[in-house]
Amino acid sequence: MSAEDNLYTSTMELHQPDSQISIDLDNEPNTFENEITQPDSNIQEDRSQYFDASSMAPLSPTSVAAIARLRAYKPPPFAVWDRLPLSRRAAVLILLFADRRGDLRVVITMRATTLRNYSGHAAFPGGKADTLEETPWEIARREAWEEIGLPLDDSKVPPPFRIEHLCEIPFSLAKTALAVRPCVAFLHSNDSSGSQASSVEETMIPRLDPKEVAAVFSAPFHNFLRAEDEVALGQNIPGKRSDWYNGAWTDWHEGKWRMHNFHVPINDQNVSKPKIREGGQAAIAEQLDEEEEAGMMRYKVWGMTARMLVDAARVAYDEDPEFEHDAHIGDERMIGNLERMGKLGPKVPGGPDLTESDLKTAISDSRKKSSGSGSKI
């Protein structure tokens, strides 16, 4: 994929994009709510077996501490968001849940080829704002409903599940000049009662949206701070532990930016794919099937999705990654500079957007402000 197709500007993904957020407004809500209230045997067969309460456990002490840090985290104020036009606003959902060992995992999707941008890439559920009144959390939840069937209304989330909005981390900048807010949430599943959660095959299996999602998988959250696979007792991973990560510094507009590449094992999890496949969704899902049959045992997560995962894990576990990384979280300084330069007005379909000169100036101004304050960006 060329640099022109890349979603993000703030890291080296401009040169080597792959893993991006999902952004598209041409979605129609699925019928998951009706499937919950009026279960049908045929519908049950169509659902992907993903959110399985029986595979979740009470949180480990490390996970309890991580959730507490996320719950307590407050991002710095960012008044620029309130001044941005509708066409510049977006958000994504970083949804966490506990696995059988009580460790945190994060939900990631593969986009279908029917989307205009970034088809076939690993991504978070997410997209553009529908109204100026919509908050980032509301944007993220709506998109998660449309993309993976996570109920938008909390009252429609079937027991034993409960979704908790933990925090939001600083905005990132998209190449399409969108301000993108990552919203972090936790999917509770009887984690305080000590009782066995009910089977989600009958309650909480999301039905994948045929317009957007070709697959849903998960990754170990803490591992996004490690240079190798973290392997639990009795767990088997494909290849070597060092296959998990590789990264490199890349020159970008007179700056150094870190590109993270993670390779998530899929041999020990149930990757959810829609049984009813149409158009571009079928193309990606079938390609994944063929690659897995040929021996592919890891999905690649990189680009801005990878960077957001690293940033969220840094906040959650209060640790720096084992690998080299950008010191800053998000791109709010650059977004603010572009807004002051008048470059973030309403988007014109088919019209010019950010130029390399604009970005170069914004980065230069960010570096000057950072140098003056004695901090790194």
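The values are calculated or read from the model by the stated rules, or taken from the named source; none is laboratory data. Given the structure is predicted, the values throughout are model-derived calculations rather than measurements. So basically every Cβ, Gly included, is an ideal-geometry build from the backbone, and we count neighbours across all protein chains shown. Areas reflect the complete protein model, heavy atoms only, side chains present, ligands, DNA and RNA absent. Shrake-Rupley method; radii C 1.70, N 1.55, O 1.52, S 1.80 Å.
Amide H of residue 331 versus every other amide H placed in the peptide plane: which residues, excluding those fewer than 5 positions away on the same chain, fall under 5 Å? Counting only residues 5 or more places away or on other chains, the set is 171, 172, 173. Ranked from largest to smallest solvent-accessible area, with a 1.4 Å probe on the protein heavy atoms, 233, 309 come out as 233, 309. Solvent-accessible area of residue 135, all protein chains in place: 60 Å² (probe radius 1.4 Å, heavy atoms, ligands and nucleic acids excluded). Pairs exceeding a 30 Å alpha-carbon distance, out of 128/156; 74/273; 300/343; 74/240: 74/273; 300/343; 74/240. Sorting 155, 272, 364 on solvent-accessible area from highest to lowest, probe radius 1.4 Å, gives 155, 364, 272.
Compute the length gained on full extension between residue 347 and residue 322: take 0.36 nm times their separation in residues and subtract their Cα-Cα distance, giving the result in nm to one decimal.
5.1 nm
Computed on protein heavy atoms with a 1.4 Å probe, the accessible areas place 130, 243, 358 in the order 130, 243, 358, largest first. Rolled with a 1.4 Å probe across the full set of protein chains, the surface gives residue 101 an accessible area near 120 Å². Put a dot 7 Å past the Cα of residue 165, heading toward its Cβ, do the same for residue 73, and the two dots end up 1.6 nm apart. Computed with every protein chain present, the accessible area of residue 137 is close to 50 Å² [probe 1.4 Å]. Available extension along the chain between residue 235 and residue 360 is 40.4 nm, counting 0.36 nm per residue and deducting the alpha carbon span. Each Lys and Arg contributes +1 and each Asp and Glu -1, all at the Cβ; summed about the Cα centre of region 55-113, the dipole is approximately 140 debye. Applied to region 149-166, the Karplus parametrisation 6.51 cos²θ - 1.76 cosθ + 1.60 on θ = phi - 60° returns per-residue 3J(HN,Hα) values of x, 6, x, 6, 8, 4, 5, 8, 6, x, x, x, 8, 8, 9, 10, 7, 7 Hz, with x for Gly and Pro.
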